[in-house]
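S.K.: Take this structure first; my questions come after.
Just so it is clear, none of the values below were taken in a lab; they were calculated from the coordinates. Not measured: the values here are computed from a predicted model. Every residue, glycine as well, gets a Cβ built from its backbone with ideal geometry; the counts of neighbours run over all protein chains shown.
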Amino acid sequence: MTLLPWLLTLLQAALFAAAAPLLVGWIKKVKARLQNRRGPPLLQVYRELWKLLGKEAVMAHTASPVFRAAPYVVFSATWLVAAVIPLVASHLPSAAMADVIVLVGLLALARFVLALAGMDIGTTFGGMGSSREMLVSGLAEPALLMVVFTLTMSAHTTNLASVMDYIAGAGLLLRPSFLFALGALVLVAVAETGRIPIDNPAAHLELTMIHEAMVLEYSGINLGLMEWAAQIKLMIYGTLIANVFFPWGIASELTPVALLIGVMAITIKLALLAIALAVTETVLAKMRLFRAPLFLNVAFLLALLGLLSHVILEVGA
Amino acid sequence: MTLMHLSLTEQSVFVLAALVLLSSFALLAQTRLLSAVHAFAWQGALVAAVTALMASAGDEPHLYLSAALTLTLKALLIPWMLHRLIRRLALERHVETVRRPAVITLAGAAIVVFCYWVVLPIARLELAATRNILAISLSVVLLGLLMMVARRQAVSQVIGFMSMENGLFLAAAAATGGMPLVVELGVAFDVLVAAVLFGVFFLQIRDSIDSLDVDRLNRLTETDTTTVPGTEARP
Amino acid sequence: MAISLQLALAAIAVMLCAGALAFAAGARASRINDLYFLLLGASGTLALTAGLGGLMASTPPATTLPFGLPWLPWHVRLDALSGFFLLLIGLVSIAVALFGPSYVRGLAHGRDPLSVLGGFTGLFVAGMLTVVLADDAFLFMVAWELMSVASYFLVAFQHEQAANRRAALLYLLMAHIGGLCILLGFGVLAAFGHGFDFDSLRNALPPTPWTTVAFALAFIGFGMKAGLVPLHAWLPEAHPAAPSHISALMSGVMLKVAVYGFIRFVFDLNGDLHWGWGVAVLTIGSASALMGALFAVVQTDLKRLLAYSSVENVGIVFIGLGLSLVFLSTGHRLLGVIALVAALYHALNHALFKSLLFLGAGAVLHSSHERDLEHMGGLLRRMPWTGLFFLIGCLSIAALPPFNGFVSEWLTFQSALQAWQLDSGVLRSLLPIAVAILALTGALTAAAFVKVYGVAFLGRARSRRIRRAREVSLGMRAAQAWLAVLCLLLGVLPMPVVALIDAVPRQLLGIGLAQATRHGWLWLTPVAPATASYAAPLILLCLAFAWWLVRMLLGRARLRRPRRSDAWDCGFAPPDARMQYSATAFAQPIRRVFGVLFRIDESIQNDSGTSRYRLQIADRAWESFYVPVARAVQAASRRVTWLQSGSIRVYLGWSLATLLILLWVIS
């Protein structure tokens, strides 16, 4: 009896990892269509990943054990976060293992190791990418925490499943604080997952890259793991936005029908989010690096206003 | 009393009021004059929407009139005039350098907390659900003033001034269900006249000191009586 | 007298003996080197055992010693709070005892420096142990000054360099101003109590304005010693100037003794708490955390960077204490306890990882005589063990799970996230801002330590000295291993540690964290399981499992050994060590974004064809705080220079007049 939920947890984690490339493929497809291209097939991302995972890795002479271990640490930490976030069902046993702050901490662990790996070979671009990544993430972190704070003020918990329960249980409420928090989380997600206008996932010029510059020296299976981890991370933020602010449809009990509805709900939500992301990426241009602080300043301000409007408007004197 | 006990209309009033506050911050952060005018127009539209929703929630039909007045004046007419003014002064591409934007936004946030604290005893007295908006409207007033402090461009100062008036209007609508119509018409007329006057005034300033930087107006002070005409510092 | 108190007193006695031995040995000090550090280790072990005893005992043992003033014998007492800090001192002392023998041998040059070093180290550690045991204001101040003065000589140990002499003088000056404030603070309490022992001070209960005066004096005094902004500027000068194992003791332990003093004074002795104090502590703590982290990011001297990061971590401890004060004074006692436990936990963590990092820096210094990050690189290949332990230190200090720094920051966040329970809306909106600063600080620290590790240990060697570096001796590695293992243990098994620390609030405030420990050793649930839970062992297990799974499924045998090749060079010349991103370059974006807070002096010198980039970053605390104060003091002293006529008879005349007036006053 107690085995089934754990089994479902494993299944959900596997599903998360398996679906992440599909999400990226979908975004690429939508973007291509918006730009009047046919774009790569939806499953192309899987093919690339499979190819990379089967290829021999080449490493620089100067690579240290940190460089070799980094892909595994990054992938494991990111995947662990994915396993804890409710994707299809909210009350899985893994949810109690870590609350939102632990999840943020695990993503920070992945980023720390990734940035170290960028510095390891001793090339210019790796260091450049690491330095920029640490700046962007450093400014995103307070905004993200402020979002968590705003949610906690109403929901009184940092456990993701409980937050979702609370929001789903409260019915349709127009909360100014949640509106601002959502806006802030979207901006943070864009910055953290390295999308336009902060970073360009399809960049080919070393000088402008952030994430790609850090993994420049990776190849073969190591590169595959890094790419896969980045795809999972994108899906993590997508799921956070979709399931925390719009928790409807998620399975609250573990029956086949509820789970099926849960799968369909999250598919639709993520597909819609991906379309929105593709549209903004098509419309916007990448910013200069030193515009990024302004961007994240806006995110922080939004989250702060969310908190203030909660205190001022929603609680009552 | 929490949000759950309010009707959907009242909830939307809160959301819109929060957006008014956001538009104040947007004004504070805008460096392009045209974008600032747009933000100001949005603020006017939001204030009008809040007023209209209040009218429907509190069943006070005369507020509809105020809402319509606000919409035409603050969201359409004055922005249009400012737009035209900027065109005439050839300031469309003017980008103002705001020093330490992060500090100013943080100061803005501090002002909001302060307003909340100041308004607390008043908000306790009132019974209407919309009483909490008082703090927001006071913040909008003070943020408008902060904008006037932070900016050097005369046109941005006018926008700050107008945005203060938005806050006052919001406060009146939130606290007492709007001012008497006569007063409101008078104020609206005043603002309109002020906008026209400012326009004329700017053209004059620019003609005489060749700039709209209010810091240059310092030169009008009589600091040193021994200065020989013609030897003062060049701009 | 309980056995734990006897052990603690024995620890002090052993340390004093060790110091005396070193002084007595004089020029032969290098011969008794091993014996000396054996004694230090023994003292550390005694303190550790005594501390555990103090934390576990239900009634604190106390006694009086036959020293001191005739009417005020020295009181000592070992309650849970003292026990906790004894434990902390003991843990670090053991590491230093392991590290010391081979490290000090490297310093043995000059006439008889080792005897001076050993002697004052003995006095220093004995002073710190006595401070936490003292149960009356008199003994407390004597021990406090012993600690300050002894550490002055340690800072001035390498006094051949002018910078070190200056740092030491500044340190002495600040320590004395701080000491004076603490003395006055005790004076305020003593004026309302009847005696100088802590029991009388506790029962003094001065009227309202005076408690605030006492609080302010204690906050300034202990805050100065702890290195809080804006009084921190001495710390990054003084701590790096001492030999590395002393830096570890100063940053790791002495700052915690200041934290101990603050907790003892404010939470224990000084009557009712006021929420305004909490806000003051929270503000100063946040400012210290932020400024410390920012300055740490831009430093290029390894030990200086670590010292600035101490400012940051002390700031985090004080954020916890501030939260605790706010919650306790508004009646949310349980939340106040969580915040206090978080602060204590972080103090312990910082003692461990900062000592670890300072010892690591000492190992690098010992092996390569290099402190400048810009000359390092690739040390991981040359010093693999030191590299591994240093990495654990970096991961811990950057507050990453599953290491110990994360647990204490998580607890701090958890207590702050309960801000919704407060009645005042203003506090409800202020607390999150303070904690957002904590989040920013955490991210900046991560940036700083990515920089340190990436530039020093990864990449390629930037200078010949580094290229010749070799792994250090077994003892030095063992010291780091001891601390690194503790860092991991405290991160993975937070439950037993919280249960142990819980004794402190139970004795101090009469309320413990029953909730946190209720759900077994696996789950840390400070408030309630539904609110937040953290299962560190499970996280570690899952990480390991995921790693294993990935390796099993994907790491096919022929892929295990990667092919080696040259790094990508963009089709130009192959990259050399000088093309690497330097420490200055790494920090450039952050330096630019937060430029307002630094005083940056940047220039390019162009002489005879070669250009040289020069960058100086000054602490604004100097120009905005220290220099004006110094000027004011100078101006004030100039006013009274007319007294100084130079004639001895005039001076005697002043003395005579003073005597006459005093006699008149007391008659």
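S.K.: Please get the size of the charge dipole for chain A, origin at its Cα centre, with Cβ charges of +1 on Lys and Arg and -1 on Asp and Glu, quoted in debye to the nearest 20. Walk me through the numbers before you get to the answer.
M.R.: On the way: 19 positive and 16 negative charges, 185 e Å.
In debye, rounded to 20, chain A gives about 880.
S.K.: What nm distance separates the two modelled labels at A:Leu11 and C:Ala478, each placed 7 Å from Cα along Cα→Cβ?
M.R.: Computed distance between label sites A:Leu11 and C:Ala478 equals 5.4 nm.
S.K.: A further question on this structure: Ranked by Cβ crowding within 10 angstrom, fewest neighbours first, how are B:Met148, A:Met235 ordered? Could you put the intermediate results ahead of the total?
M.R.: Numbers: B:Met148 17, A:Met235 26.
In order of increasing Cβ crowding within 10 Å: B:Met148, A:Met235.
S.K.: Compute the distance from the alpha-carbon center of the stretch C:30-56 to that of the stretch A:240-317, in whole Å.
M.R.: Centre-to-centre distance over Cα atoms comes out at 55 Å.
S.K.: Modelled label-to-label distance, C:Trp654 and A:Ala271, 7 Å Cα→beta-carbon offset: nm?
M.R.: 9.1
S.K.: A follow-up question, please. What is the pair-distance distribution P(r) of the stretch C:503-653, computed from all Cα-Cα distances in 5 Å bins starting at 0, with each bin given as a whole percent?
M.R.: Spelled out per bin, shortest first, that is 2, 6, 6, 6, 6, 6, 7, 8, 10, 11, 9, 7, 5, 4, 3, 2, 1, 1, 0.
S.K.: Quick one: which residues, 5 or more positions from C:Asp136 or on another chain, have an amide H under 5 Å from its amide H? H modelled 1.01 Å from N in the peptide plane, none for Pro or chain starts.
M.R.: Those qualifying (amide H under 5 Å, at least 5 residues apart or on another chain) are C:His75, C:Phe198.
S.K.: Taking only the alpha-carbon positions of the stretch B:81-126 and ignoring solvent, what does the Debye formula give for the base-10 log of I(q)/I(0) at q = 0.15 Å⁻¹?
M.R.: Result of the Debye calculation: -0.67.
S.K.: Roughly how crowded by other chains is peptide A:142-153, in terms of the mean Cβ count from those chains within 10 Å of each of its Cβ atoms?
M.R.: On the way: counts 11, 3, 3, 12, 5, 0, 6, 12, 1, 1, 10, 6.
Neighbouring Cβ atoms belonging to other protein chains average 6 per residue here.
S.K.: Averaged over every viewing direction, what's the projected area of the C-alpha convex hull for the stretch C:302-389? Give it in nm², one decimal, please.
M.R.: On the way: hull surface 24.9 nm².
Dividing the Cα hull surface by four gives the mean projection, 6.2 nm².
S.K.: Let's test the formula: R0 of 30 Å, r as the Cβ-Cβ distance of C:Trp664 and C:Arg631. What FRET efficiency results, to the nearest 0.05? Don't jump to the answer; show the numbers that get you there.
M.R.: Details: r = 37 Å, r/R0 = 1.24.
So, using R0 = 30 Å, E works out to roughly 0.20.
S.K.: Okay, moving on. Summarise the partner chain shielding of C:417-426 as one whole number: the mean count of Cβ atoms from other chains within 10 Å of each residue's Cβ.
M.R.: What the average comes to for C:417-426 is 5.
S.K.: Across peptide C:522-533, how many C-beta atoms of other chains are within 10 Å of each residue C-beta, on average? Please report the intermediate quantities before stating the final value.
M.R.: Numbers: counts 1, 2, 0, 2, 0, 3, 3, 4, 7, 8, 11, 8.
Mean shielding count: 4.
S.K.: Normalized C-alpha radius of gyration of the stretch C:585-654, against 2.2 N^0.38 Å? Write out the running numbers ahead of the final one.
M.R.: Details: Rg = 22.8 Å, N = 70, 2.2 N^0.38 = 11.1 Å.
In units of the globular-protein estimate, the stretch C:585-654 measures up at 2.06.
S.K.: Follow-up. Where Rh is the Kirkwood radius over the Cα pairs of the stretch A:1-121, the temperature 37 °C and the viscosity 0.692 mPa s, what D in µm²/s does Stokes-Einstein return? All intermediate terms of the calculation are to be shown ahead of the outcome.
M.R.: Values: Rh = 16.9 Å.
In µm²/s, the coefficient rounds to 195.
S.K.: Can you list the GluC sites (Glu not before Pro) in the stretch A:172-274 that are in a DSSP coil and have 14 or fewer other beta carbons within 10 angstrom?
M.R.: Working: sites: A:Glu192, A:Glu206, A:Glu212, A:Glu217, A:Glu227, A:Glu253; in loops: A:Glu217, A:Glu253.
Within the stretch A:172-274, the qualifying GluC sites (Glu not before Pro) (loop, at most 14 other Cβ atoms within 10 Å) are A:Glu253.
S.K.: Which ³J(HN,Hα) values, rounded to whole Hz and listed in residue order, are derived for the stretch C:588-605 from phi using the Karplus coefficients 6.51, -1.76 and 1.60 in 6.51 cos²θ - 1.76 cosθ + 1.60 with θ = phi - 60°, glycine and proline given as x?
M.R.: 4, x, 5, 4, 6, 5, 9, x, 4, 7, 9, 10, 9, 10, 10, 7, 10, 8
S.K.: How far, in nm, would the chain grow between B:Glu92 and B:Thr9 when pulled straight, counting 0.36 nm per residue and subtracting the alpha carbon separation? Write out the running numbers ahead of the final one.
M.R.: On the way: separation 83, 0.36 × 83 = 29.88 nm, distance 3.87 nm.
This chain segment gains 26.0 nm when fully extended.
S.K.: Further question on the same structure: What are the extents of the Cα atoms of chain A along their three principal axes, listed from largest to smallest and rounded to whole Å?
M.R.: Extents along the principal axes, in whole Å: 62, 47, 43.
S.K.: Give me C:Thr641, C:Thr330, C:Thr445, B:Thr176 sorted ascending by neighbouring Cβ count inside 10 Å, so fewest comes first.
M.R.: Working: C:Thr641 8, C:Thr330 18, C:Thr445 26, B:Thr176 11.
Result, fewest neighbours first: C:Thr641, B:Thr176, C:Thr330, C:Thr445.
S.K.: While we're here: Quote the FRET efficiency, to the nearest 0.05, computed for C:Leu38 versus C:Thr63 with a Förster distance R0 of 22 Å and r equal to the Cβ-Cβ distance.
M.R.: Working: r = 28 Å, r/R0 = 1.27.
After rounding, the FRET efficiency stands at 0.20.
S.K.: Once Lys and Arg get +1 and Asp and Glu get -1 on their Cβ, which of C:Leu474, C:Leu493, C:Phe153 lies farthest toward the positive end of the dipole of the protein assembly as shown?
M.R.: Result: C:Leu474.
S.K.: So for the protein assembly as shown, what percent of the C-alpha to C-alpha distances run longer than 59 Å? Let's see the in-between values first.
M.R.: On the way: 134390 of 742371 pairs.
Result for the distance tail: 18 percent.
S.K.: Rounding to the nearest 10 and keeping the result within 0 to 90°, find how far the Cα-based axis of helix A:44-54 lies from the longest principal axis of chain A.
M.R.: 60
S.K.: Using alpha-carbon pairs under 8 Å, 6+ residues apart, how would you state the relative contact order of the stretch A:54-213 in percent? Let's see the in-between values first.
M.R.: Numbers: 150 pairs, mean separation 37.9, N = 160.
Relative contact order comes out at 24 percent.
S.K.: Something else: Once amide H atoms are built 1.01 Å from N in the peptide plane, which residues 5 or more positions from C:Phe457, or in another chain, come under 5 Å H to H?
M.R.: Answer set, sorted by chain and number: C:Gly378, C:Leu379.
S.K.: Output ³J(HN,Hα) for the stretch A:183-192: one whole-Hz value per residue in order, computed from phi by the Karplus curve 6.51 cos²θ - 1.76 cosθ + 1.60 with θ = phi - 60°, and x for Gly and Pro.
M.R.: x, 5, 5, 4, 4, 4, 4, 4, 5, 6
S.K.: Mind listing the long-range amide H neighbours of C:Arg599? Cut-off is under 5 Å, sequence gap 5 or more, other chains count too, H placed in the peptide plane at 1.01 Å from N.
M.R.: Long-range HN contacts for C:Arg599: C:Ala618, C:Arg620.
S.K.: Right, something else. Could you please state, rounded to a whole Å, how far the C-alpha centre of the stretch C:406-456 is from the C-alpha centre of the stretch B:35-59?
M.R.: Taking the Cα centre of the stretch B:35-59 as reference, the centre of the stretch C:406-456 is 37 Å away.
S.K.: Any chance you could list P(r) for chain C, counting all Cα-Cα pairs in 10 angstrom bins from zero, rounded to whole %?
M.R.: 3, 15, 25, 26, 18, 9, 3, 1, 0, 0
S.K.: Over chain C, what relative contact order in percent results from Cα pairs under 8 Å that are six or more residues apart?
M.R.: Values: 1125 pairs, mean separation 76.8, N = 667.
It comes to 12 percent, rounded to a whole number.
S.K.: In a solvent-free Debye calculation with one equal scatterer on each Cα, what is log10 I(q)/I(0) for the stretch B:7-217 at q = 0.15, 0.17 Å⁻¹, listed in the order of the q values?
M.R.: -0.92, -1.14
S.K.: On full extension of the chain, what length is gained from C:Ser463 through C:Phe545, given 0.36 nm per residue of separation minus the C-alpha to C-alpha distance? Write out the running numbers ahead of the final one.
M.R.: Details: separation 82, 0.36 × 82 = 29.52 nm, distance 4.05 nm.
Taking C:Ser463 through C:Phe545 to full extension adds about 25.5 nm, to one decimal.
S.K.: Each residue of the stretch C:2-17 in order: what ³J(HN,Hα) in whole Hz does its phi give by Karplus 6.51 cos²θ - 1.76 cosθ + 1.60, θ = phi - 60°, with x for Gly and Pro?
M.R.: Going residue by residue, I get 6, 5, 5, 5, 4, 4, 5, 5, 4, 4, 5, 4, 4, 5, 5, 4 Hz, with x marking Gly and Pro.
S.K.: Related question: Kirkwood Rh and Cα-based Rg: tell me the resulting Rg over Rh for the stretch C:620-666, rounded to two decimals. Don't jump to the answer; show the numbers that get you there.
M.R.: Values: Rg = 16.9 Å, Rh = 13.3 Å.
In the stretch C:620-666, Rg relative to Rh is 1.27.
S.K.: Something else now. For chain A, what relative contact order do you get, as a whole percent, if you take Cα pairs closer than 8 Å and at least 6 residues apart?
M.R.: Values: 471 pairs, mean separation 92.1, N = 317.
That works out to 29 percent.
S.K.: Holding the Cα-Cα limit at 18 Å, pick out from A:Lys31/A:Lys51; A:Lys51/A:Lys269; C:Lys354/C:Lys451; A:Lys29/A:Lys55; C:Lys225/C:Lys256 the pairs that are longer than that. Working shown, then result.
M.R.: Details: A:Lys31/A:Lys51 24 Å; A:Lys51/A:Lys269 30 Å; C:Lys354/C:Lys451 16 Å; A:Lys29/A:Lys55 26 Å; C:Lys225/C:Lys256 9 Å.
Result: A:Lys31/A:Lys51; A:Lys51/A:Lys269; A:Lys29/A:Lys55 exceed 18 Å.
S.K.: Of the options B:Val155, B:Val119, B:Thr97, report the single residue whose Cα projects farthest towards the positive end of the charge dipole of the stretch B:7-217 (beta-carbon charges: Lys, Arg +1; Asp, Glu -1).
M.R.: The Cα lying farthest towards the positive end belongs to B:Thr97.
S.K.: Taking the Cα centre of the stretch C:564-667 as the origin and placing charges on Cβ (Lys, Arg +1; Asp, Glu -1), which of C:Ser645, C:Phe572, C:Val593 is farthest toward the positive end of the dipole?
M.R.: Of the listed residues, the answer is C:Ser645.
S.K.: Sorting A:Met214, C:Met56 on the 10 Å Cβ count, fewest up front, what's the list?
M.R.: Working: A:Met214 29, C:Met56 12.
Ordered from fewest to most neighbouring Cβ atoms within 10 Å, A:Met214, C:Met56 come out as C:Met56, A:Met214.
S.K.: Next question, about the same structure. At a Förster radius of 51 Å, what calculated FRET efficiency corresponds to the Cβ-Cβ distance of A:Asn36 and C:Glu623, to the nearest 0.05? Before the final figure, lay out each step's value.
M.R.: On the way: r = 59 Å, r/R0 = 1.15.
Working from the Cβ atoms, E equals 0.30.
S.K.: Report the full-extension gain for the segment A:Met264 to A:Lys55: residue separation times 0.36 nm, less the Cα-Cα distance, to one decimal in nm.
M.R.: Working: separation 209, 0.36 × 209 = 75.24 nm, distance 3.46 nm.
Taking A:Met264 through A:Lys55 to full extension adds about 71.8 nm, to one decimal.
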